[in-house]
Amino acid sequence: MSLREQIVKQINKLLFLALIWILSAFSLKAWQVESTLKKETSKYDQANAEYLLIEAQKYFLLEDYERAIAFLDKSIDVDEKNHAAWFKKAEIYLAKNDTKKGVEAIQKAIALSSNNKYYYVLAAELEKANRNPEGAARYYELMASYTPDYQVYLVELANVFQAVGKTREAIELFRKQESLTLDQSMKLVEMLMQSSKEKEAITLMEQLVIDYPLDMDIKYQYANVLSSSGQQTEAIQFLENQTSMNAAMRLLLSDLYASQGQSDAKFQLLTRSFNDPNASLSDKVLLLGQLILENSSQPPVGLIDSLQTALENQYPNEPLAIENGAYVYTKLAEQTSDPQRALFRTKSIEKYQRLKDLKPGDFKVWDKVLTHAYENENWKQLNIDAEEALSLFPNQAIFYIYLASAKIELNELDEASDLLGQATRMTRANTLLKSQILAKQAQIAFLNGQTETADSLLKEAVSLEEVHPDALKQNGEILLSRVEKNAAPVSEKSAELKKVKESAEKLYANGQYNQALITLLHYIHTFEDLNDGATLELFGDTYFQIKLNALAVKYWKMAKELGGGSEKLDQKIASGQIN
């Protein structure tokens, strides 16, 4: 090869290498440009996806869920890894109660971001809404496994675990925590007690008492745990050593004294509490209420009366103290006999009148005042109070009924009729009040000698979906007056009457007293053989069960006069009750 050929060959080689280098440079530059474009496009897509997500949130807050979902779908189309959009879709489906779609959406969010505790919490809420506690527990388990900061949801987790029988697993999760909040500690105590781990629960409560020395609820819970663990003596000693107690602690100590047969200690606690400057009015009211409820058959009347008197002396202008007096003396009047009954009834009326003066603008107070006067048939006072109440609350139908009732008993029948008409216009949808109004209108018709109208109104009154006790009472009063006019026993009951009576007896035996009366009242007045002692005794028994004792005794007496009643009839009449 000549020198010239060698030089040409070398030049070609260099040109080839130069071409390759140029092409490589262009290729590198193209790759860099493409990469930059991809990054810029990705940033644009993300920004667009975020904008769409913000728009979806706006419509979510406006509760325009369909439009919100449309924006979320666009956001996901732009950025398929947008787990926040899937989370928001699941949240919307929960709001729409479409739990199936909600679970599907939150599963996709979790698949894209498995370390977000809020996703698992929403998944659990969806499963709970779907009545699937096992599914909720599964998501809480995943949350505990995959997220580092789930502790704030420990109590919710425990509630679900308890519901599916995984209390032991919940306890283990609680034990793994470096520290627990007070609420979490109390939840752990609850689970330990349920799992018969009383010793560990007591130890934990002892530490909580040390950590929270001023927290009265912690002290109460500690004493309660001791008591529930069979350590009543220790619980009593702990409570007795406290320099101050809240209402719950006092009530628990009172219960513990009662369980140990320490009635003297219990009454001393009551006296100390009423003299304790740290005991609040509500504490004392609760203790007094407990004393009445626990001794309903044989109440310590003198002690209750003296404690209530002390309460009113300490809080002379506190509505709660006066209202409690009204309750206390009403209960004592129910549980005593004359002359104490008359005294306590007078005291209860005084308290209600005092309460009305203390809170003249309180509807609930007026309702209690009028109800008390109505139930105790204090018609003159009811007439005065109901007129005053209507001047303050002119749109209350029940107040018109109360005033009409007073007018009826005071023989102002025309005015009563007008008042009932006004009440009717205000109670179109309330079938219970409508039943009461019809009964009152029937009473007016009967007093005016319009017996057919009275019968028609009473029949309608007991045919409504809800039947007022006044309708049953008025039916009974009118029916009894007819029996008294023709008190001659029948020789034999008709087959139809036997069938009705048997049906009513079954309802009575099942405790369906109102329905038993309605059954009797629907049919009994249509029979010629109404004057049947056994049927009238059943009437009396049923009226007694719905607390219309005076009417019950009237029926029992008429049943005895007619004959055919049970051997217990004399006892019922003498005692005024069914023993």
I need the calculated FRET efficiency for the pair ASN115 and ARG175, taking r as the beta carbon distance and R₀ as 35 Å, to the nearest 0.05. 0.90
Full-stretch length increase - GLN242, GLN260 - with 0.36 nm per residue and alpha-carbon distance subtracted: 4.5 nm
If I ignore ligands, DNA and RNA and count only protein heavy atoms, how much of LYS356 is accessible to a 1.4 Å probe, in Å² to the nearest 10? 20 Å²
Keeping all protein chains in place and using 1.4 angstrom, which order do ARG131, ARG250, ARG354 fall into by accessible surface area, from largest down? ARG131, ARG354, ARG250
What does the charge dipole of the chain about its Cα centre add up to, to the nearest 20 debye, if the Cβ of each Lys and Arg holds +1 and the Cβ of each Asp and Glu holds -1? 1940 debye
Relative contact order (%) - criterion: Cα under 8 Å, at least six apart; region: the chain: 4 percent
Once you put a point 7 Å from the Cα of ASP211 and another 7 Å from the Cα of TRP379, both along the Cβ direction, what distance in nm separates them? 6.7 nm
Just how much of LEU538 is accessible, in Å², when a 1.4 Å probe is used and the result is rounded to the nearest 10? 10 Å²
Can you give the FRET efficiency for LYS568 and THR451, using 1/(1 + (r/R0)^6), R0 = 35 Å, r = Cβ-Cβ distance, to the nearest 0.05? 0.55
By the gyration tensor of its Cα atoms, with a ≥ b ≥ c the square roots of the eigenvalues, what is the shape of the stretch 316-368: rounded for a/c under 1.5, prolate for a/b over b/c, or oblate? prolate
Just going by the charge dipole of the chain, with Lys and Arg at +1 and Asp and Glu at -1 on Cβ, which of LEU112, GLN184, THR147 is farthest out on the positive end? LEU112
LEU410 to SER463: FRET efficiency via 1/(1 + (r/R0)^6), r the Cβ-Cβ distance, R0 45 Å, to the nearest 0.05? 0.90
Could you give the length gained on full extension between ARG272 and LYS499, defined as 0.36 nm per residue of separation minus the Cα-Cα distance, in nm? 75.6 nm
Sorting LYS501, LYS554 by accessible area (1.4 Å probe), largest first, what list results? LYS554, LYS501
Dipole size in debye (nearest 20) for the stretch 222-280 around its Cα centre, Lys and Arg Cβ +1, Asp and Glu Cβ -1? 100 debye
Provide the solvent-accessible area of ASP414, counting protein heavy atoms only and rolling a 1.4 Å probe, rounded to the nearest 10 Å². 120 Å²
Note the full-extension length gain between LYS101 and ALA342 as 0.36 nm times their separation in residues minus their Cα-Cα distance, in nm to one decimal. 80.0 nm
Over the stretch 250-334, what relative contact order in percent results from Cα pairs under 8 Å that are six or more residues apart? 26 percent
Can you give the calculated 222 nm mean residue ellipticity of the chain, where each DSSP H run of n ≥ 4 adds -39,500 (n - 2.57) and the sum is split over every residue, rounded to the nearest 500 deg cm²/dmol? -25000 deg cm²/dmol
In square angstrom, what is the accessible area per residue of the chain with a 1.4 angstrom probe? 54 Å²
How about the stretch 171-205: which trypsin sites (Lys or Arg not before Pro) there are in a DSSP loop, with at most 10 other Cβ atoms within 10 Å of their Cβ? LYS176
For the chain, whose charge dipole is built from +1 on Lys and Arg Cβ atoms and -1 on Asp and Glu Cβ atoms, the candidate among LEU253, ALA201, LEU358 with its Cα farthest towards the positive end is ALA201
Over the Cα atoms of the chain, what is the Rg over Rh ratio if Rh follows Kirkwood? 1.23
Could you sort THR424, THR203, THR243, THR431 by accessible area so the largest value comes first, with the probe set to 1.4 Å? THR243, THR203, THR424, THR431
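The values are calculated or read from the model by the stated rules, or taken from the named source; none is laboratory data. Here the structure is a predicted model, which means the values were calculated and not measured. Here the Cβ is made from the backbone with ideal geometry for all residues, glycine too, and neighbour counts use every protein chain on show. These accessible areas exclude ligands, DNA and RNA; they are computed on the full protein's heavy atoms, side chains included. Shrake-Rupley method; radii C 1.70, N 1.55, O 1.52, S 1.80 Å.
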